Protein chains: 4
Amino acid sequence: MIGYMGNKDDVLRRLGRAEGQVRGIARMVEQDTYCIDVLTQVAAATKALESVALALLDDHLAHCVAEAATVGGEVAEEKLREASQAIARLVRS
Amino acid sequence: MIGYMGNKDDVLRRLGRAEGQVRGIARMVEQDTYCIDVLTQVAAATKALESVALALLDDHLAHCVAEAATVGGEVAEEKLREASQAIARLVRS
Amino acid sequence: MIGYMGNKDDVLRRLGRAEGQVRGIARMVEQDTYCIDVLTQVAAATKALESVALALLDDHLAHCVAEAATVGGEVAEEKLREASQAIARLVRS
Amino acid sequence: MIGYMGNKDDVLRRLGRAEGQVRGIARMVEQDTYCIDVLTQVAAATKALESVALALLDDHLAHCVAEAATVGGEVAEEKLREASQAIARLVRS
């Protein structure tokens with residue numbers, strides 16, 4: 001099951017925008033843009049990727065984890081463990 | 001329902017340790033400890049608090065959210081929305 | 001040299017407040033406060049510690065690193081390396 | 001003055017890699033890859049961008065800020081203020 005199924009277009013649009021941001025930063029570096037201005041754009045691109053991650057996680061909890069919870073048992077435990085690890089990776093990245 | 005019920009002692013122990021870390025940092029500052037050494041301890045205390053948050057979140061997903069998911073409907077949606085917002089606050093803090 | 005010398009009282013006040021926040025969170029847990037409300041306070045305490053770190057880092061750059069830069073050579077390089085590592089620890093914590 | 005001048009090729013290489021990572025994530029989403037696997041790659045791309053930011057910041061401190069510190073006065077203060085704000089944006093992103 002794919003949690004982001006209903007939001008696939010939106011996720012792809014956000015990823016396309018983030019990719020464009022990173023390409024724009026490379027262009028800034030090629031043109032010797034002042035460090036601080038480059039850094040501001042890197043922070044913006046990082047935040048954009050974090051937003052994609054939070055959206056994917058929402059969909060995952062609302063679909064995959066919620067569905068597994070209704071099944072219960074080991075299936076539910078496995079999904080919860082996976083989700084916890086994904087959240088920890090995000091918080092620490 | 002309280003998700004951390006089964007881990008209350010562990011959560012309190014971790015919080016007690018984090019509190020001790022913050023008090024220790026204040027003592028370092030009082031004794032004019034070198035900035036970088038103080039900063040190292042602040043980063044460690046921040047990481048300790050993040051770990052408490054991740055543990056609380058795990059318990060919350062495994063109990064409160066999972067239980068709401070089996071009920072379904074608005075109850076489940078409300079719990080998921082709440083959890084998403086809590087995760088976003090952690091990722092952005 | 002201690003960068004935060006001129007702001008010591010302010011740093012201690014902020015640390016005292018952060019310590020009180022962590023103690024308050026422990027009290028919430030003792031009283032079985034709802035997980036999400038506990039998590040909100042943990043995120044707030046984490047942010048408070050991050051602000052202390054950013055203030056200490058500002059003072060460190062403005063005093064210790066700036067002074068080392070006027071000396072130059074290995075002294076400056078060592079201070080810059082130290083500051084970079086401290087910044088990386090904060091960004092990754 | 002551009003702090004990353006001596007590392008321009010390395011910065012561009014890292015940015016090119018980060019851009020490729022983001023494009024790869026979009027491809028994963030197009031192919032309905034499992035949420036958790038997508039999330040793992042988003043966390044990796046976020047970390048890659050953070051590393052670029054830390055490298056740019058190192059160069060900025062070692063060149064632009066260090067140079068301004070030897071001049072002193074308002075020039076130095078302005079550069080320090082700018083650097084502090086950039087660091088805060090990174091820590092909070």
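Relative to the dominant Cα principal axis of chain C, helix C:35-60 is inclined by about 20°.
Measuring spread by the Cα atoms of the protein assembly as shown yields a radius of gyration and Dmax of 22.1, 68 Å.
At 222 nm, what helix-only mean residue ellipticity would chain D give, in deg cm²/dmol to the nearest 500, using -39500 (n - 2.57) for each DSSP H run of four or more?
Helix-only estimate at 222 nm: -27500 deg cm²/dmol.
Closest approach of a chain B beta carbon to the axis mapping chain B onto chain D (residue, whole Å): B:Arg92, 4. In this simple spin-label approximation, C:Glu77 and A:Thr70 carry label points 7 Å from Cα along the Cα→Cβ vector, and these lie 6.4 nm apart. In a simple Cβ point-charge model (Lys, Arg +1; Asp, Glu -1; nothing else charged), chain D has a dipole of about 220 debye relative to its Cα centre.
Overall, the protein assembly as shown carries a charge dipole of about 0 debye about its Cα centre when +1 sits on the Cβ of Lys and Arg and -1 on the Cβ of Asp and Glu, all other atoms neutral.
Think of region C:7-92 as having a plus end and a minus end, set by charges on the Cβ of Lys, Arg, Asp and Glu; of C:Val52, C:Ser84, C:Cys64, C:Val52 sits farthest toward the positive end of this dipole.
For the chain pair B and C, the interface hides roughly 4100 square angstrom of accessible area in total, found with a 1.4 Å probe. Inter-chain Cβ neighbour count for A:56-65, averaged per residue, equals 6 (cutoff 10 Å, partner chain atoms only).
For C:Tyr34, inter-copy separations between label points set 7 Å beyond Cα along the Cβ vector come to 3.4, 4.8, 4.9 nm, shortest first.
Of all accessible surface on region C:7-92 at a 1.4 Å probe, what whole percent is carbon and sulfur?
The nonpolar share, carbon plus sulfur, comes to 46 percent.
Could you give me D for chain C, from Stokes-Einstein at 20 °C and 1.002 mPa s, where the hydrodynamic radius is the Kirkwood radius over C-alpha pairs? Units µm² s⁻¹, please. Estimated diffusion coefficient is 142 µm²/s.
Across chain B, the relative contact order, built from alpha-carbon pairs under 8 Å that are at least six residues apart, equals 35 percent. Computed over protein heavy atoms with a 1.4 Å probe, the accessible surface of region B:7-92 works out to 42 Å² per residue. Computed from the C-beta positions of B:Asp10 and B:Gln85 and an R0 of 25 Å, the FRET efficiency is 0.50 to the nearest 0.05. The string of couplings for region A:21-34 from the Karplus curve (6.51, -1.76, 1.60, θ = phi - 60°) is 4, 5, 5, x, 5, 4, 5, 4, 5, 4, 8, 6, 5, 4 Hz, one whole number per residue in order, with x for Gly and Pro.
The values are calculated or read from the model by the stated rules, or taken from the named source; none is laboratory data. Predicted model only: the values in this text are computed from it and were never measured. Every residue, glycine among them, receives a Cβ derived from its backbone with ideal geometry; neighbour counts consider all protein chains shown. Ligands, DNA and RNA are stripped out before the accessible areas are found, and what is left, the full protein with its side chains, is counted by its heavy atoms. Shrake-Rupley method; radii C 1.70, N 1.55, O 1.52, S 1.80 Å.
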